[in-house]
Amino acid sequence: MLAGFKEFIARGNAVDLAVGVVIGAAFGLVVTSVVEGILNPLVAGLVGEPNFDDVLAFTINDATVRPGTVITALVNFLLVAAAIYFFVVVPLNTLAARRKVEEAEPEAPAEDVRVLTEIRDLLAAQGGGTALAAPPAER
């Protein structure tokens, strides 16, 4: 039984999953700090309230109904999505675009090289290409 557990742990899947969970938790803290430290205060400055929990509350038979909590959750979701998009997705897309430009296709051969290649191919097609064949590879 322990050998099976050791094999399971030694496989890359478990280690990759563990690393992903730890990195995800750390990244979640970063996103939460951006939302709570930057975006929520901006919303509070614009709207006047940092959240809508008590804004739309009403009471029915000693039970308090707070539909504002749903609005707060939706706004927080949108703020988290905006933080991830603008602080992670956009910079990574920009970096990927720069890398793509740097890895552009090689330039076409010069005109004289292209013409010489055509001449070589024509001579080879006419049967005189045996003398013009490329030298054997170095040994």
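Say we look at the range 63-106 and pick out the residues that are more than 20 Å from Leu29 (Cα to Cα) and of a type in the set (Gly, Ala, Ser); which of these is surrounded by the most Cβ atoms within 10 Å (Cβ to Cβ)?
Out of the qualifying residues, it is Gly68.
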- Note on the structure: Every listed condition ((1) modelled with pLDDT of 85 or more; (2) surrounded by 10 or more Cβ atoms within 10 Å (Cβ to Cβ)) holds for Leu17 save (1)
- For the range 24-39, state whether one or more residues are free of Cβ contacts under 8 Å to residues at least 40 places away in the same chain, touching a strand residue (DSSP E or B) at 6+ places or on another chain (Cβ under 9 Å) and charged (D, E, K, R). no
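Take Glu7 and tell me if it is surrounded by 13 or more Cβ atoms within 10 Å (Cβ to Cβ), of a type outside the set (A, V, I, L, M, F, W, C) and out of contact with any helix residue (DSSP H, G or I) (no Cβ under 7 Å at 6 or more places or on another chain).
It is false that Glu7 is surrounded by 13 or more Cβ atoms within 10 Å (Cβ to Cβ), of a type outside the set (A, V, I, L, M, F, W, C) and out of contact with any helix residue (DSSP H, G or I) (no Cβ under 7 Å at 6 or more places or on another chain).
The values are calculated or read from the model by the stated rules, or taken from the named source; none is laboratory data. The structure presented is a predicted model; accordingly, all values stated were derived computationally and were not measured. Neighbour counts run over all protein chains shown; Cβ positions are idealised from the backbone, glycine included.
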